[in-house]
Each structure stands twice: as structure tokens, then as C-alpha cells.
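Bear in mind these aren't lab numbers, they're just calculated from the coordinates by the rules spelled out. If you're wondering where the values come from, they're calculated on a predicted model, not measured in any experiment. Every residue, glycine as well, gets a Cβ built from its backbone with ideal geometry; the counts of neighbours run over all protein chains shown.
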Amino acid sequence: MEDIQYHLYVVEKVQRGIRRAEDEGALSHQEVERKLGKWLER
């Protein structure tokens, strides 16, 4: 039963993340690399 609950939890979180990315936009791979590079230089 715990496995089913966990899988439902994960599916819900993924769906929420997809909706948020569609609504608010998401960073491109290049933008993430640029931001991460700046963060790692500190």
C-alpha cells in the first residue's frame, strides 16, 4: 500500500511541476548552465 501511495505522490508532484513550467515558463538548458556556472565560480 505504501508503494502505491508513494507512486501517486510522485505522479502528482511531476504533474504539478509540468503545469507550473507551462504556466510560468522554465529555464532552458543553456540558461541553467550559465546560472550554475556563475554560482559555482563563487
Just to be sure I understand the model, the point goes 7 Å from the Cα along the line to the Cβ. What's the resulting Val10 to Val32 distance in nm?
1.8
Ellipticity estimate at 222 nm from DSSP helix runs (n ≥ 4, -39,500 (n - 2.57)) divided over the chain, nearest 500:
-29000 deg cm²/dmol
Between the Cα axis of helix 29-41 and the main Cα principal axis of the chain, the angle (0 to 90°, nearest 10) is 70
How far is helix 2-24 tilted, in degrees, relative to the longest principal axis of the Cα atoms in the chain, given as a value from 0 to 90 rounded to the nearest 10?
40
